[in-house]
1. Over the chain, what is the relative contact order in whole percent, taking alpha-carbon pairs under 8 Å and six or more residues apart?
2. If amide H atoms are built 1.01 Å from N in the plane of the peptide, which residues on other chains or at least 5 residues away come under 5 Å of the amide H of HIS63?
3. Calculate the translational D of region 96-179 in whole µm² s⁻¹ from Stokes-Einstein, where the hydrodynamic radius comes from the Kirkwood formula applied to all Cα pairs, the temperature is 25 °C and the viscosity 0.890 mPa s.
4. How long is the gain from LEU140 to ASP31 if the chain were fully straight, where each residue apart is worth 0.36 nm and the alpha carbon distance is subtracted?
5. Provide the per-residue ³J(HN,Hα) series for region 158-167, in order, calculated from phi with Karplus coefficients 6.51, -1.76, 1.60 and θ = phi - 60°, each as a whole number of Hz, with x at glycine and proline positions.
6. With each pseudo-label sitting 7 Å past Cα toward Cβ, what's the ALA118-ALA188 distance in nm, one decimal?
7. What list do you get for MET154, MET69, MET109 if you sort them by fewest beta carbons within 10 Å?
8. Quick query: amide H of PHE85 versus all other amide H atoms, modeled in the peptide plane; which residues come in under 5 Å with a sequence gap of 5 or more or a different chain?
Amino acid sequence: MRRAGSGAAVSEPDAAELADAVRVDAQASYDRAAAASRATAAEQAQISAQLGRPARGDPAIVHRCERGMPTVVRVAPRLEDGTPFPTTFWLTCPVLRSQVGTLEADHVMVGLNQRLEAEPALAAAYAAGHERYLAFRDALGGPLPAAGTSAGGMPRYVKCLHVHAAHHLATGDNPIGAWTLSTLIPVACPVPCAPDPEPG
């Protein structure tokens, strides 16, 4: 058995392509993201395999795909050497990262920034999510040197869709992330992207 993004146990998917690998969790929240335990050594190995480099920032898995693999991790505001690391939620799923990258290459941020200027309700929701993001990050490890600095261009513009998708999967609190995911989902995953953790 593996655990899906909702935290519920699910049957082991086949090794064949999974057509609906990433789902938005209606129960996602800052409280749940804060309560996530530090990744075990085996989970950090999974995350490192997904990223193609060693996992950093004392990660905790805050969202999983339908294969049970990490999708988003919560990262400490500072790295082990004290370097500020303001991107609190990091997208680890290789398939989703690639698809988000394709969206960015199509320059969809131009249209999203135009929407922020033209749609006051969207801009207000985006700014409110930014404030909650800052409060969450600062509660993890104190304010960073650039006070009020968020991630992904928040709150005034859209810069990095990876940040927004990760933020929304982890907390359900990013309208730009919600748009990004609605544009990409369903996400087809050909095979598990990392090995299962060793038992025990």
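Just so it is clear, none of the values below were taken in a lab; they were calculated from the coordinates. Computed from a predicted model, the values in this text were never measured in an experiment. Cβ sites come from the backbone with ideal geometry, for glycine too, and all protein chains shown count toward neighbours.
1. Once divided by the residue count of the chain, the mean separation gives 28 percent.
2. THR71, VAL72
3. Taking Rh from Cα pairs, D becomes 187 µm²/s.
4. Numbers: separation 109, 0.36 × 109 = 39.24 nm, distance 1.19 nm.
Gain on stretching LEU140 to ASP31: 38.0 nm.
5. 10, 10, 9, 6, 4, 4, 5, 5, 5, 4
6. 3.2 nm
7. Working: MET154 23, MET69 26, MET109 19.
Sorted ascending by nearby Cβ count, the order is MET109, MET154, MET69.
8. ARG78, LEU79
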